[in-house]
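Before any comments, here is the structure.
Read-outs: derived from the displayed coordinates by stated rules, not from any lab. As the structure is a prediction and not an experimental result, all values here were calculated from the model. Virtual Cβ from ideal backbone geometry, glycine too; neighbours counted across all protein chains shown.
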Amino acid sequence: MKKGLDAYKLKLIALLFMIADHVYSYLNAPIHGYQADGSWPEWIPVLTRFVSPLFLYLMIDGFYHTSSRKKFLIRLFAAGMIMECGNVLINFLFHNVNRSTGKYSFRSLIEGHNIFLTLAALFALVWCLENIKQRKNTVLSCFLAVILAFLCLFFEGGFYLLPVAVIVWFFHARKPLQCAGIAAWCLVLMLHTIISYSSGNTGTSLYSYLCFDNEWAMFAVIFFILLYNGERGRNTAFSKYMFYIIYPVHLWILMIVRFCI
């Protein structure tokens with residue numbers, strides 16, 4: 001057994017931090033009456049920001065090891081559609097309407113997390129990039145890659161995860177370069193946050209602003225990438241599908257609890 005952490009253990013860690021992040025984002029404000037006093041620590045989202053890029057990293061690593069890329073992509077897309085249907089149903093049942101009009105809107109009905117669609121789009125993008133690299137269906141792959149990159153901008157976290165996906169793919173099997181690329185992207189995001197704070201009247205401290213605009217904290221994924229030993233770990237039906245089950249179920253529960261508070 002190699003030293004470090006296998007994919008299964010990394011997924012368990014990511015799931016725990018993911019749940020903590022979502023509990024914070026869904027329940028912190030309503031529990032404390034949307035008041036800053038007595039609310040949970042501002043640094044919680046900073047601590048958990050590595051989760052999405054870690055799942056992305058493991059997905060791209062799985063891209064090179066899966067027995068069927070087609071089934072992998074279909075599974076991600078199907079999970080995304082199921083997640084979206086659940087979000088719409090909950091928003092409809094709990095009358096989540098547009099606050100300005102008091103009526104349902106497309107945006108109010110689809111409100112909610114759905115990282116599955118982001119991962120599906122990025123998986124397809126990596127597939128296209130790999131085809132271009134291998135000179136397979138080059139013209140079609142280039143066309144689809146542009147469309148997929150554009151679509152990613154409209155999915156959850158897509159703007160921030162798109163460069164990470166390209167970096168991880170381009171420097172596949174070269175961890176030092178992957179980590180350097182991710183660190184450089186996170187540095188750009190941190191500088192953007194600091195400049196935005198300095199150029200505007202935010203009415204808050206730099207610390208609070210960094211905790212709020214916290215995508216720069218994705219750099220923490222570097223430590224988990226370095227710990228990854230390249231092994232799959234436990235290979236059971238539960239280990240394969242736990243993310244597909246835990247992710248939507250816990251979010252739907254949190255959505256319902258938030259509406260009930």
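Sum up the charges of everything whose Cβ sits under 14 Å from the Cβ of S52, counting Lys and Arg as +1 and Asp and Glu as -1, but leave S52 out. In short, -1. With the highest mean first, a sort of the peptides 75-87, 230-242 on other beta-carbon atoms found within 10 angstrom per residue produces 75-87, 230-242. Net charge in the neighbourhood of L251 (other residues with Cβ under 14 Å of its Cβ; Lys, Arg +1, Asp, Glu -1) is -3.
Specify the angular offset, from 0 to 90 degrees and rounded to the nearest 10, of the alpha carbon long axis of helix 115-133 from the longest principal axis of the alpha carbons in the chain. Relative to the chain, helix 115-133 is tipped by roughly 30 degrees.
Note down the net charge around C142, summing +1 for each Lys or Arg and -1 for each Asp or Glu among other residues with Cβ under 12 Å from its Cβ. Walk me through the numbers before you get to the answer.
Working: positive: K133, R135, K136; negative: none.
In short, +3.
Give the lysines whose C-alpha is closer than 26 Å to that of K3, dropping any in the same chain fewer than 8 places away, or say none. The qualifying lysines are K11, K175, K240. Rounded to the nearest 10 degrees, the inclination of helix 158-170 to the longest alpha-carbon principal axis of the chain is 20 degrees. From the Cα gyration tensor of region 74-124, with a ≥ b ≥ c the square roots of its eigenvalues, which class applies: rounded if a/c is under 1.5, or else prolate if a/b is larger than b/c, or else oblate? Verdict is prolate for region 74-124. Computing semi-axes √(5λ) of the Cα gyration tensor in Å directly from the structure and comparing it against [x] 23, 23, 19; [y] 27, 24, 17; [z] 30, 23, 20 singles out [z].
Each stretch of four or more DSSP H residues adds -39500 (n - 2.57); spread over every residue of the chain, this sum gives -23000 deg cm²/dmol at 222 nm.
Once both axes come from the Cα atoms, what is the angle between helix 138-152 and the longest principal axis of the chain, in degrees from 0 to 90, rounded to 10? Relative to the chain, helix 138-152 is tipped by roughly 20 degrees.
Where a ≥ b ≥ c are the square roots of the eigenvalues of the C-alpha gyration tensor, would you call region 131-211 rounded, which needs a/c under 1.5, or, failing that, prolate if a/b is larger than b/c, or oblate? Oblate, because a/c is 1.5 or more while a/b does not exceed b/c.
Excluding same-chain neighbours fewer than eight residues apart, the aspartates and glutamates reachable from K70 by a Cα-Cα span under 18 Å are D61, E130. Assuming a ≥ b ≥ c are the square roots of the Cα gyration tensor eigenvalues, decide whether region 164-261 counts as rounded (a/c under 1.5), prolate (otherwise, with a/b larger than b/c) or oblate. Oblate shape, in that a/c is at least 1.5 and b/c is the bigger or equal ratio.
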